[in-house]
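Enquirer: I'd like to ask you about the structure that follows.
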Amino acid sequence: MNEQRLNRAPSCFGASPTSRPGRLARLALATACMALAAGHAAAQLAPNQTNAFGNGRLLTFTYLQNFDCVDEPTMDLDFNGMKAQSDPNEMQTPICQVVTEPGHDPAGGNLKQTAELYVLVPMFGTDANPNDAMPCPSGGRPGELCGVALGNALIALFGHVPEAWRAAPSVKTQCPDPGNPVPGTCTMHASSVDLSVLLAGVSGLPKPPTGPLFVPTPNHSHVVDNSRVNTGPIWWQVRPVLVMHEEDWPAADGSSGITSASAMDAAEAAGRAVEVGSNFFLFFNSKAGATNPTSSMTGMQGMQH
């Protein structure tokens with residue numbers, strides 16, 4: 001039984017031995033407590049769910065198959081000078097590349113008609129300790145930046161370890177998912193992303209890139225367009241939105257911050273957020289209504305481990 005439910009039990013059923021409520025009062029109390037317990041159980045996120053925001057409201061996503069990072073025949077996502085159509089090695093690992101966009105989604109649909117999922121990435125922060133950067137889940141890929149090496153690289157690039165890659169962020173995020181709060185992971189997501197194109201030319205990084213720059217998938221939250229709040233299972237293109245100011249970060253309950261596409265657009269117009277594309281796609285449905293967002297969202301992860 002859930003610990004929170006156990007903690008509620010005395011207030012529902014632990015009446016003082018000297019108290020003698022009437023039969024109707026006891027029945028009403030028992031009914032109320034059963035409804036509370038059932039409601040709490042229904043409010044728990046399933047292992048394949050995350051929360052999200054849309055139209056200023058809380059939403060629930062249910063993921064129904066794995067992610068896909070589209071690599072089309074004439075692309076060269078590993079920058080080895082060979083097009084994917086003639087490079088079998090490029091097919092052996094998914095390369096989820098920020099900025100780079102294919103022409104089609106995983107179902108073959110035109111990208112211009114594909115639903116967009118805005119992934120909010122908290123780039124702000126003040127942490128200058130490289131030890132606070134997240135390790136790579138399960139050791140990561142060969143050459144992936146993890147842990148202290150990741151922390152040092154981020155500090156060199158941004159002057160701090162952004163909340164996006166802190167193992168225990170100080171802001172609440174919707175990924176990692178609460179059922180498996182491992183930094184760098186989220187249900188049915190890739191566990192690494194390639195920032196080579198995004199950071200090309202920054203702090204001496206090669207431009208054009210000479211190879212992928214893999215890092216763990218950042219801590220993040222989700223926003224969809226108003227028209228997509230209630231949407232059946234489809235492919236969505238991940239569009240990272242780099243949030244530069246903490247005051248724009250959405251509160252867990254959706255009461256403030258970027259909780260709608262219009263609020264996101266306003267932050268972008270003011271220069272407080274930057275939106276880019278990607279070749280990263282997720283497959284899920286979206287439903288209006290939160291699934292216990294306050295207790296399930298991953299913020300203050302250090303307190304949860």
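Enquirer: Ranked highest first by average number of other Cβ atoms within 10 Å, how do 192-204, 62-74 line up?
Expert: Packing order, densest peptide first, comes out as 192-204, 62-74.
Enquirer: Do you know the relative contact order of segment 164-205, to the nearest whole percent, from alpha carbon pairs under 8 angstrom that are 6+ apart?
Expert: This gives 22 percent for segment 164-205.
Enquirer: Still on this structure, please answer the following. Rounded if a/c is under 1.5, else prolate if a/b beats b/c, else oblate: with a ≥ b ≥ c from the C-alpha gyration tensor eigenvalues square-rooted, which is segment 220-295?
Expert: Oblate, since a/c reaches 1.5 and b/c is not below a/b.
Enquirer: Among 169-175, 122-128, 138-144, what's the highest-first ranking by average C-beta atoms within 10 angstrom per residue?
Expert: Top of the packing list down: 169-175, 122-128, 138-144.
Enquirer: Straight distance only, please: which aspartates and glutamates reach the Cα of Lys112 with their own Cα at less than 20 Å, same-chain residues fewer than 8 apart left out?
Expert: Partners found: Asp68, Asp71, Glu72, Glu101, Asp225, Asp265, Glu275.
Enquirer: Whenever you get a sec, compute what percent of the accessible area on segment 143-260 sits on carbon and sulfur atoms (1.4 Å probe).
Expert: Result for segment 143-260: 56 percent of the exposed heavy-atom area is carbon or sulfur.
The values are calculated or read from the model by the stated rules, or taken from the named source; none is laboratory data. Please read all numbers here as calculations on a predicted model, not as lab measurements. With ideal geometry, Cβ positions are generated from the backbone for all residues, glycine too; neighbour counts draw on all protein chains shown. Just the protein is used for accessible areas: all its heavy atoms, side chains included, with ligands, DNA and RNA removed. Shrake-Rupley method; radii C 1.70, N 1.55, O 1.52, S 1.80 Å.
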